[in-house]
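Take a look at the structure set out below.
The values are calculated or read from the model by the stated rules, or taken from the named source; none is laboratory data. As the structure is a computational prediction, the values presented were derived from the model and not from experiment. Backbone-built Cβ (ideal geometry, glycine too); neighbour counts: all protein chains shown.
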2 protein chains.
Amino acid sequence: MTVMETTPAPTPAPARDQGGPEICPPPPAHPRPDGQDHYTISEVVAVTGLTAHTLRWYERIGLMPHIDRSHTGQRRYRNRDLDWLTLVGKLRLTGMPVADMVRYAELVREGEQTFAQRRELLERTRHDVRARIAELQGTLAVLDHKIDIYS
Amino acid sequence: MTVMETTPAPTPAPARDQGGPEICPPPPAHPRPDGQDHYTISEVVAVTGLTAHTLRWYERIGLMPHIDRSHTGQRRYRNRDLDWLTLVGKLRLTGMPVADMVRYAELVREGEQTFAQRRELLERTRHDVRARIAELQGTLAVLDHKIDIYS
DNA sequence: TAGAACCCTTGAGCGCACTCCAAGCAAGGG
DNA sequence: CCCTTGCTTGGAGTGCGCTCAAGGGTTCTA
C-alpha cells in the first residue's frame with residue numbers, strides 16, 4: 001500500500017461509479033484491505049477518496065469520533081469510522097455545511113438522549129434534498145428546452 | 001422603488017417558493033416594473049434576488065453581455081438581460097462553476113458559429129445535472145433509512 | 001438649496017472547505 | 001548507521017463566489 005501523501009485521489013474515488021443507476025442495494029461494504037478492524041490513514045484514503053489532510057482536518061474540527069492510535073501515535077481507523085465517513089460523504093454531497101455535520105457528530109457523542117434531535121436534523125436535511133432535487137429537475141427542463149433550440 | 005444597496009434580498013428571492021411543488025408552468029415572466037424595456041440596477045435586484053454588487057461583479061468577469069448605460073453612466077438593463085440572468089440563475093443552481101458560465105457567455109458573444117459548442121456545453125451540463133439528481137436520490141435513500149432507525 | 005436616495009468605480013476582504021508546508025519522529029531495509 | 005517511507009503536528013495558504021469599503025457623482029423631493 002503505497003499512497004503518497006499528496007496524491008489527490010487518482011481515480012479511486014468510490015463516491016461515483018461511472019454510469020450505474022446508483023441504487024446499489026448494499027454495496028459489499030468497504031473493500032477492506034484485510035480482515036482486521038484497523039486501518040492506517042493511507043488505507044482510509046484509498047477507500048474513501050478523501051486526502052489524509054482532509055481526514056486529519058475532519059478530526060480537528062470535531063467531525064470524527066475519537067480515533068484510536070497505535071503505540072507510536074498513528075491513527076488506526078476502525079470499521080465504524082469508515083461507516084461514519086461513508087455517511088459523512090453522503091451528507092456532504094447534499095451540500096450540507098460541514099458545521100451542521102459537526103453538530104450531528106456532537107449529538108452522536110452525547111448519546112441516546114439526542115435521538116429526537118438527530119432525527120429532526122436528518123428530516124430537515126431530507127426536506128432540503130427533496131427541494132434540491134425538484135430545483136434540479138426544473139433546471140433540467142430549461143436545459144432540455146435550450147438544447148432543443150440548438151438542434 | 002427604495003431598495004438599499006446593502007439589502008440582501010429580504011424575501012423576494014424567487015428561486016425557492018416556500019413549499020410549492022416547484023413545477024410552476026411558466027411563471028408569468030418577470031414582474032417587470034413598467035412597460036419600458038430598461039431597468040435600473042435596483043429594479044434588477046428586486047426581480048432577480050441578486051445584490052447590486054453581484055450584478056456588477058458578473059459584468060466585470062464577463063458573465064454579462066454589454067449593458068447599456070444612461071447618459072450619466074448608470075446601467076440600464078433590458079429584458080434580454082433579465083432573461084440571461086434567469087438562465088444564469090438556473091445554471092448557477094446546478095453547481096456549474098462561474099468560469100464555465102463565463103465560457104458560455106463568450107460563446108454567445110462570438111455569434112452563431114458557436115452553436116455546436118454551446119449545445120455541447122449544455123449537454124455536458126445536463127449530463128452532470130442528471131448524475132447529481134441520481135446521487136441525491138441515493139442520499140435520500142440513506143436518509144430515509146437513517147430516519148427509520150431513529151423512529 | 002439642502003438632503004435623501006440612488007448610482008458609479010477600484011480594490012480589498014470574507015467564509016467555506018479544504019490544501020499544503022515545515023519540521024520532526026518511528027520503523028524497516030541495505 | 002543511514003536512507004526511505006509513512007506518519008505526526010500547528011499554522012499558513014488557496015480558490016471560489018461573492019461582499020463590502022471608500023470616495024465620489026447624479027437625481028429627486030421639499
Seminar exercise, completed: Residues of the range A:34-51 being within 7 Å of DNA strand D (Cβ to nearest atom) and under 23 Å from A:ARG109 (Cβ atoms), in sequence order, are A:ILE41
Problem set entry | Within the range A:85-124, tally of residues that are under 22 Å from B:GLY138 (Cβ atoms), in contact with a Phe, Trp or Tyr (Cβ under 8 Å, 6 or more places away or on another chain) and at the interface with chain B (Cβ under 9 Å from one of its Cβ atoms) | 4
Seminar exercise, completed: Of the residues in the range A:57-79 that are among the basic types (Lys, Arg) and surrounded by 14 or more Cβ atoms within 10 Å (Cβ to Cβ), the one that is nearest to DNA strand D (Cβ to nearest atom) is A:ARG75
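Sort through A:GLY35, A:GLY62 and tell me the only one that's at pLDDT 90 or above and assigned to a loop (DSSP other than H, G, I, E, B).
A:GLY62
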